[in-house]
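The values are calculated or read from the model by the stated rules, or taken from the named source; none is laboratory data. Just so it is clear, the model here is predicted, and its values are computed rather than measured. Neighbour counts run over all protein chains shown; Cβ positions are idealised from the backbone, glycine included. Accessible surface is based on the protein model in full, side chains and every heavy atom, while ligands, DNA and RNA are left aside. Shrake-Rupley method; radii C 1.70, N 1.55, O 1.52, S 1.80 Å.
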Amino acid sequence: MNQFEQARINAGITVTELSRQTNISRSTIDKMEKDKPVKAELAVRACRVLSQYLGREVTYQSLDLKTIN
């Protein structure tokens, strides 16, 4: 389990719900949770929603998400 997946679980949100709220495919969220690179803009979007649920700011850098341009 990577830091992104742990943050999602701590936020109490499912992959399906995160996908819906961010308009990011489940497969892309799965990539984030498997340490595969994703577009930076998608990582930012996912982290914004997680931040709202966690009540603190998280960034793709703080969660060690791998990104591409």
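In the stretch 1-12, which residue that is touching a residue at least 60 places away in the same chain (Cβ under 8 Å) and either of a type outside the set (S, T, N, Q) or open to solvent by 40 Å² or more (accessible area, probe 1.4 Å) (or both) is farthest from Y60 (Cα to Cα)? Let's see the steps before the verdict.
Within the stretch 1-12, the subset touching a residue at least 60 places away in the same chain (Cβ under 8 Å) is 2-4.
Applying the additional criterion that residues be either of a type outside the set (S, T, N, Q) or open to solvent by 40 Å² or more (accessible area, probe 1.4 Å) (or both) yields 3-4.
Numbers: Q3: 10, F4: 8 Å.
Looking at residues that are touching a residue at least 60 places away in the same chain (Cβ under 8 Å) and either of a type outside the set (S, T, N, Q) or open to solvent by 40 Å² or more (accessible area, probe 1.4 Å) (or both), I get Q3.
Looking at the stretch 60-69, which of the residues that are within 12 Å of the chain's Cα centre (by Cα) and in a loop (DSSP other than H, G, I, E, B) is surrounded by the most Cβ atoms within 10 Å (Cβ to Cβ)? Walk me through it before giving the result.
Of the residues in the stretch 60-69, the ones within 12 Å of the chain's Cα centre (by Cα) are 60-67.
This time we only want the ones that are in a loop (DSSP other than H, G, I, E, B), so: 60-66.
Details: Y60: 20, Q61: 11, S62: 13, L63: 19, D64: 10, L65: 25, K66: 16.
That would be L65.
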Is the stretch 13-25 home to any residue that is more than 20 Å from N69 (Cα to Cα), over 10 Å from the mean Cα position of the chain (by Cα), touching a residue at least 12 places away in the same chain (Cβ under 8 Å) and crowded, with 18+ Cβ neighbours inside 10 Å? yes
For the stretch 23-59, which positions are in contact with a strand residue (DSSP E or B) (Cβ under 6 Å, 6 or more places away or on another chain) and assigned to a loop (DSSP other than H, G, I, E, B)? P37
